[in-house]
Structures are given as C-alpha cells and as structure tokens.
Amino acid sequence: QVQLVESGGGLVQPGGSLRLSCAASGFTFSRLSMSWYRQAPGKERELVAAVTSGSGVKNYADFVKGRFTISRDNAKNTVYLQMNSLKPEDTAVYYCKAGRRDSSATMNYYWGQGTQVTVSS
C-alpha cells in the first residue's frame, strides 16, 4: 500500500513562491509515476503537473507552464512542486497522486490528504 504525505502549503502573497513536498512510502518510489492535482472550492479536481517513473518525463497544465516545476528525488522518496509567480487563482487544496502498475499490469492510484495553498494579499 502506497502512502503519501504532503507538506509545504500555506498563505502567500500574489507573486510569491511556495514549494510543496510529497513523501511516499510503501513501494519502490522510483517505480511510481507521480503527479500533483489541485481542487478549488466549487470546482473539479484538475491535473497540475506530472512526472513519470523511469525516464522522469514531465508535463504541465497550460495554466502553470513557466511558473511551476515538478521534480522528484528518488533517494528521498519525495516529489516536489515548486510554485513561483503565484496568483490568487492558484488558491486550492493541492493533492499528490501516485500511480503504480501491479503484477497484472493494472494501474493502481493513491492520493495524499492534500495541503491548502492560499494566495492572497
């Protein structure tokens, strides 16, 4: 069972920065695909950024390109989301998601508990 614990959320002014962390346990981290999602009040959860296992290919939602960076440290079993130039519309609960393929090649997904990010002056 994969367990995920996010940290690093908080209150920041527009234009500021935050770095979110997601520590994983319960599975070989390097074999997990990792992603960050967010959910604002009254809105659906949406993908922010993702990084694959193995080659570590990254992709981003258009609304964060050039501002957010996803990275992973396999030695620390942790994925990060560096968020720069934050805007009020980035306010949301941010969730970490892990994906792993089991012995039958079925993908299984796991979610963290979420961390609140509030961008406000």
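The values are calculated or read from the model by the stated rules, or taken from the named source; none is laboratory data. Being a predicted model, the structure only gives us computed values, none of them experimental. Note that each Cβ is placed from the backbone with ideal geometry, even for glycine, and that neighbours are counted across all protein chains shown. The area values use the complete protein model at the heavy-atom level, side chains included, leaving out ligands, DNA and RNA. Shrake-Rupley method; radii C 1.70, N 1.55, O 1.52, S 1.80 Å.
Within the range 36-80, the set of residues being farther than 19 Å from residue 120 by Cα and among the aliphatic types (A, V, I, L, M) comprises 47, 48, 49, 50, 51, 57, 61, 70, 75, 79. Just one of (1) in contact with a helix residue (DSSP H, G or I) (Cβ under 6 Å, 6 or more places away or on another chain); (2) free of Cβ contacts under 8 Å to residues at least 24 places away in the same chain fails for residue 74. It is (2).
Scanning the range 1-34 for residues that are assigned to a strand (DSSP E or B) and more than 13 Å from the chain's Cα centre (by Cα) returns 3, 10, 11, 12, 25.
Does at least one position in the range 39-56 carry a residue that is closer than 21 Å to residue 107 by Cβ, among the hydroxyl-bearing types (Ser, Thr, Tyr) and in contact with an Asp or Glu (Cβ under 8 Å, 6 or more places away or on another chain)? No: the range 39-56 contains no residue that is closer than 21 Å to residue 107 by Cβ, among the hydroxyl-bearing types (Ser, Thr, Tyr) and in contact with an Asp or Glu (Cβ under 8 Å, 6 or more places away or on another chain). Strands (runs of 3 or more DSSP E) fully within the range 50-121 that include at least 1 residues being open to solvent by less than 40 Å² (accessible area, probe 1.4 Å): 68-73, 78-83, 92-101, 107-111, 115-119.
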